[in-house]
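The values are calculated or read from the model by the stated rules, or taken from the named source; none is laboratory data. As the structure is a prediction and not an experimental result, all values here were calculated from the model. Here the Cβ is made from the backbone with ideal geometry for all residues, glycine too, and neighbour counts use every protein chain on show.
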Amino acid sequence: MAEQLKLGFVPLLDCAPLVVAREQGLFREQGLNVVLSREASWSSIRDKLNYGLLDGAQMLAPMPLAATLGLGSPALPSCSLMSLSRNGNAITCSVPFYQRLYEQADGETSPTALGSALRQQLSQLGRKPVFATVYPYSNHHYLLRDWLSRSGINPDTEIDWRAIPPAQMITALAQRRIDGYCVGEPWNSLAVLQGHGLIVAPGQQLCPEVPEKVFAVTQAWAEQHPESCAALIRALYQACHWISQCRDKQALLELLALPPYLDHSLLPLLETGYQHHWGSAPLHQQFFDPQMNAPSPLQGQWLVRQMLAAGQLSAADAELANRRLLPQVFRIDLFEQATRAMMPQA
Amino acid sequence: MTQSSLDILLIDDEPQRAEALIGTLRTQGYRVIEHLCSTEGLSGHVDRIRPDIILIDMDNPDRDTLESMSAVHRDHPRPVVFFAEAESDSQTIKAAIQAGVSAYIADGLKPDRIRPIIDSAIAQFETYHSLRRELEQTRTELAGRKQIDRAKALLMKHQSCDEDQAYRTLRKLAMDRNQKLGVVAADVIKVLEALA
């Protein structure tokens, strides 16, 4: 039996490639012996990679770069072996707050119209709008900032920011502690189903091409385990393809609902089927697209721009990243080597 | 080391473990100002009580919340020490401590284990602060130097003198008024710009 690999995931819908690779035996086919470890936070995933408690993990797309640069933590040179998903994030507002924007926008529901409505409401609100995200180095955070900026709102001075774990977002919304948030699925659909929130903008209407989650290891681990890296990439790539071919979303949800994956949090989605919404376009979470799955430094350049705009990166660090770090962090070379012989049909 | 001046906030949802840990910390002379079981509204809470050190379980979902807060409020760095359960062996703990800001306390209720870990967190806290202070000082000095250059330039123009002469004038003013060169430079700029 091969040496056991421990891979971390955070219970969100987009951990699906890891779950499918394990449950459908795709890791095993590649000669890998994998256990999946459910983790409570992104910080914990990063630290456990650092301390060798995890071999690899699902990560937010900006995290390998942030960790390599030592943003918010001791520097940990990390790399993305593959991008796993996109279009699974959305901006959701509480029902009363959404209604406010909806009326201001004369019944229009496009992200642009609702954004302008928010700008017009700023002076009438009597306070700053309160928005929450989970983690500073995340596409959720950048997506929300981007929507606000495009609506003519200064995210640094005109918004009151909160940080809340995904599973607590809906409660915070229901208790009116926040007006809205940007988070990954299922926490947008669930808010809609439970009657606490309405989706203002799904991620794909704002930044459709951007991968949200990646599979990452430390650069040292990649160096020491080239064969395992290739096998992991192949298994996960097949899993992404499997999901794209899976006509029966219910079957996929049932797989994800297994403990310890997402378990009971998914039950409302299982009961009603996975669809919605009032007004907004439905979410189109996507796992398979060779262009997207390949972790290209171009994806990294987009992230560097977002980090700069969010004030997380100095101009000097941005230059360092663009000139030197991106090829070390986004290992398109390893991805292409590993998948050259397989290439499932798109 | 003056641990008593550092305030510790403990976040742990296991009451028994928390109680034992608080007891140990207190016998070691640390001040636990608050213990939170549930972390609802954590950020508001931390803003209010401003602890120096936050002890939080490695596997607490609010760790991301704390990291978000330190990303937003860079002025209030508070090192976070984590204690994890059985999965960490001593090798891991050592690696964790060497890795930087965070530290583990596995089976952490033994006083002799806690002390070095908190001390190391405090040492990191102090190193970080002294680094920040140095950085601040360098910044101030840089700003001061720019002001001095600007003041010199204005003096040279105003008094039609060379650079050495202008610098001597500034230094003399500073000595006469028993003020720092930067302060005098700022005054000179203000006056000369008002005249211009």
Review point. Mind checking which pairs have a first residue in region A:116-129 that is outside the structural domain of A:Val200 (by TED's automatic domain parsing) and without any contact (Cβ under 8 Å) to a residue 40 or more places away in the chain and a second that is surrounded by 10 or more Cβ atoms within 10 Å (Cβ to Cβ) and among the β-branched types (Val, Ile, Thr), Cβ under 9 Å, 6 or more apart or different chains?
Key: none
Study note, to complete from the structure: Picking from A:Gly72, A:Gly56, the residue that is within 14 Å of another protein chain (Cβ to nearest Cβ), within 22 Å of the chain's Cα centre (by Cα) and buried (at least 19 other Cβ atoms within 10 Å of the Cβ) would be A:Gly72
Review point. Among the candidates A:Ile91, A:Ile45, which residue alone is within 24 Å of A:Met292 (Cα to Cα) and without any contact (Cβ under 8 Å) to a residue 40 or more places away in the chain?
Key: A:Ile45
Exercise for review: Answer yes or no: is there a residue in region B:48-56 that is modelled with pLDDT under 80, part of a helix (DSSP H, G or I) and crowded, with 19+ Cβ neighbours inside 10 Å.
Suggested key: no
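Looking at A:Ala346, A:Ala338 in this structure, which one is closer than 30 Å to A:Leu26 by Cβ and either modelled with pLDDT under 95 or among the acidic types (Asp, Glu) (or both)? Even if it seems obvious, please write down each step before you answer.
On the way: A:Ala338 fails: either modelled with pLDDT under 95 or among the acidic types (Asp, Glu) (or both).
On inspection, the qualifying residue turns out to be A:Ala346.
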**Study point:** Checklist (1) in contact with a Lys or Arg (Cβ under 6 Å, 6 or more places away or on another chain); (2) more than 25 Å from A:His196 (Cβ to Cβ) applied to A:Asp47, failing item
**Key:** (1)
Check your understanding: In region A:79-96, is there at least one residue being assigned to a loop (DSSP other than H, G, I, E, B), within 13 Å of another protein chain (Cβ to nearest Cβ) and in contact with a helix residue (DSSP H, G or I) (Cβ under 6 Å, 6 or more places away or on another chain)?
Key -> no
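So which residues in region A:34-51 are of a type outside the set (A, V, I, L, M, F, W, C) and facing chain B (nearest Cβ under 7 Å), if there are any at all? Walk me through it before giving the result.
Here is the first cut: in region A:34-51, the residues of a type outside the set (A, V, I, L, M, F, W, C) are A:37-39, A:41, A:43-44, A:46-48, A:50-51.
Within region A:34-51, A:Ser41, A:Ser43, A:Ser44, A:Asp47, A:Asn50, A:Tyr51 qualify.
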Study note, to complete from the structure: Checked region A:18-37 for anything without any contact (Cβ under 8 Å) to a residue 24 or more places away in the chain and under 22 Å from the mean Cα position of the chain (by Cα); matches are A:Arg22
Exercise for review: Just one of (1) within 30 Å of A:Gln250 (Cα to Cα); (2) in contact with a Pro (Cβ under 8 Å, 6 or more places away or on another chain) trips up A:Val19, so point out which.
Suggested key: (2)
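Here is a check on your reading of the model: is A:Leu269 closer than 27 Å to A:Ala40 by Cα, at pLDDT below 80 and buried (at least 20 other Cβ atoms within 10 Å of the Cβ)?
Considered against the rule, which asks whether it is closer than 27 Å to A:Ala40 by Cα, at pLDDT below 80 and buried (at least 20 other Cβ atoms within 10 Å of the Cβ), A:Leu269 comes out as yes.
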Revision key, fill the gap. Flagged in region A:301-320 as under 21 Å from the mean Cα position of the chain (by Cα) and either assigned to a helix (DSSP H, G or I) or surrounded by fewer than 20 Cβ atoms within 10 Å (Cβ to Cβ) (or both), in numbering order, are A:Gln301, A:Trp302, A:Leu303, A:Val304, A:Arg305, A:Gln306, A:Met307, A:Leu308, A:Ala309, A:Ala310, A:Gly311
Point to revise | Restricting region A:125-155 to residues that are more than 13 Å from chain B (Cβ to nearest Cβ), part of a loop (DSSP other than H, G, I, E, B) and of a type in the set (Gly, Ala, Ser), the residue that is farthest from A:Arg305 (Cα to Cα) | key: A:Gly126
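Can you tell me which residue within region A:143-171, out of those that are of a type outside the set (S, T, N, Q) and at pLDDT below 90, is surrounded by the fewest Cβ atoms within 10 Å (Cβ to Cβ)? Quick ask: steps written out before the conclusion?
Our first condition is that a residue be of a type outside the set (S, T, N, Q); within region A:143-171, this holds for A:143-148, A:150, A:152-153, A:155-156, A:158-167, A:169-170.
Now restrict to residues that are at pLDDT below 90: A:162-167.
Numbers: A:Arg162: 23, A:Ala163: 21, A:Ile164: 28, A:Pro165: 24, A:Pro166: 24, A:Ala167: 16.
Only one residue fits best here, namely A:Ala167.
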